[in-house]
Structures are given as C-alpha cells and as structure tokens.
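The values are calculated or read from the model by the stated rules, or taken from the named source; none is laboratory data. Computed from a prediction, not measured in an experiment: that's the story for all the values here. No Cβ is skipped: glycine too gets one built from the backbone with ideal geometry, and neighbour counts run over all protein chains shown. Just the protein is used for accessible areas: all its heavy atoms, side chains included, with ligands, DNA and RNA removed. Shrake-Rupley method; radii C 1.70, N 1.55, O 1.52, S 1.80 Å.
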Amino acid sequence: MSAKILVIFLHGIGASGSQLLPLASSWRSTLPDARFATPNAPYLRSQGHQWFSVEGNPLSPDRIRTVRGAFDALINGILKTEGFQEAHHRVAFVGVSQGAIIALDGIASGRWQIGALVSFAGLLPPQPVSSDSKSTPILLVHGQNDRSIPAATSTSAAMQLRIAGFKVELDIEPGVGHTISQTGARRALAFLQKSLA
C-alpha cells in the first residue's frame, strides 16, 4: 500500500539522520499510513553533519540564504523518490535544533507550503515573515531549561508567525533542556495526526 503522508525529520548540528530513526520507529504504529525520511544535512563538519555553518554569526540572514538551494534540492529529491512532488499538503517537516531552524526558514520565507511543521528547540531566523505559506500549521516545542537555544526564541517565533497569519501552537515544557522529551514527542505525534488527517 502506498503511503498517504510523508514525515521528513531534520536533525540537529553535528548529528545524522539515523539518530532520529528511533523517534520515527516509535511513531509507526500511530501513523501506519506514513513514510518516514531521515536524511543527513548536506554539509559535513568535523563530527556529523550541519545544515549551515555556525562560524561567526550563525544566524546571519545571508548565512541561511546561501544554503537554501541545498536544502530545497535535498527536500525535492526526497519528495521525488517518495512520490510526493504533487502532494506537499501531505508532507510534514519535523526539525530539531538546527534542523528546526532551517525548516522554519523554509516556511517563513514562503518557499515551502506543506501539511505541517514541528519545531523542537528551534528558532526563527531574523527575516521578514512571508504569509505565502500560512496554510501550514506549526507546532513549536521547547524546553524551558534549554541552555543552547533559549525557550524565549520559540515564544518570539510564535508571535511573529501569528502576526503573518499562521496557525501556531506553542508548548514550553517545564524542566526540559535542549532535547526531545517523551511528552514533547507525544504532543508532536498528536499534532501530526490532527494536521495531516
């Protein structure tokens, strides 16, 4: 049976797609009609992979703009392989940390209109937010004790995205650091079920 939805996981800096396979596996029973993709980011670093360089100012708008082509090419390749080129509304991005940043950029820049986006411990790069993708529902999950990317960045992102017309859900988790908690994973799974139904 062909998959009805496609969930693309986007890992954090210095990691690899395979590190998100356990999360994908844990979601299979709840999303039996889904296919899961866990690609590696296109750029190598001393350990693992990265979506963009963090040398100097990692959130410079120019820094992120220069890697958009590589991100879009990777996603388009996955959509073609999985047969979802004409079904973006049945595709979800699930990003973690740097993977969440590059996913949010894809939506906020108006380049990607998809079925859902989940951001774990991410932030919205400094840029004007386009309303072109406002049909994409967004869930921002962030640990209140995150010392790598403060939770306030997700609160700020939610406000910016809502002003641009996006439907955004925000979940700041008490006692959680820079990670995906079991509660956060369950929250994301329920959000995907609802958004992609």
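Between the amide H of residue 170 and those of 140, distances stay under 5 Å, these residues lying 5 or more places away or on another chain, with hydrogens modeled in the peptide plane. Heavy-atom accessible area with a 1.4 Å probe sorts 142, 178, largest first, into 178, 142.
Across the chain, the mean sequence separation of Cα contacts (distance under 8 Å, 6 or more residues apart), normalised by length, yields a relative contact order of 18 percent.
In a DSSP loop and with at most 13 other Cβ atoms within 10 Å, the GluC sites (Glu not before Pro) in the range 1-89 are 55, 86.
Note on residue 134: accessible area approximately 110 square angstrom, rounded to 10, probe 1.4 Å, nucleic acids and ligands left out. You can think of it this way: the chain between residue 89 and residue 172 has 27.2 nm of extra reach, that is 0.36 nm per residue less the Cα-Cα gap. Charge tally around residue 122: other residues with Cβ under 13 Å, Lys/Arg +1 each, Asp/Glu -1 each, net -3. For the range 96-124, list residues with backbone N below 20 Å from a point placed 7 Å from the Cα of residue 45 toward its Cβ? Inside the label zone: 96-106, 119-124. Assign one of three labels to the range 85-197, namely rounded, prolate or oblate, based on the Cα gyration tensor with a ≥ b ≥ c the square roots of its eigenvalues; rounded applies when a/c is under 1.5, prolate when it is not and a/b is larger than b/c, and oblate otherwise. Oblate, because a/c is 1.5 or more while a/b does not exceed b/c.
Using a probe of 1.4 angstrom and keeping all protein chains present, the accessible surface of the range 1-118 works out to 43 square angstrom per residue.
Taking the centroid of alpha carbons for each part, the range 143-169 and the range 61-83 are 23 Å apart. What you get for the range 109-169, charging only the Cβ of Lys and Arg (+1) and of Asp and Glu (-1), is a dipole of about 80 debye around the Cα centre.
Placing unit charges on each Cβ (+1 for Lys and Arg, -1 for Asp and Glu) gives the chain a dipole about its Cα centre, and among 83, 128, 70 the Cα reaching farthest toward its positive end belongs to 83. 3J(HN,Hα) along the range 144-160, derived from phi through the Karplus expression 6.51 cos²θ - 1.76 cosθ + 1.60 where θ = phi - 60°, amounts to 5, 9, 5, 9, 8, 10, x, 4, 4, 5, 6, 4, 5, 4, 4, 5, 4 Hz, with x in place of Gly and Pro.
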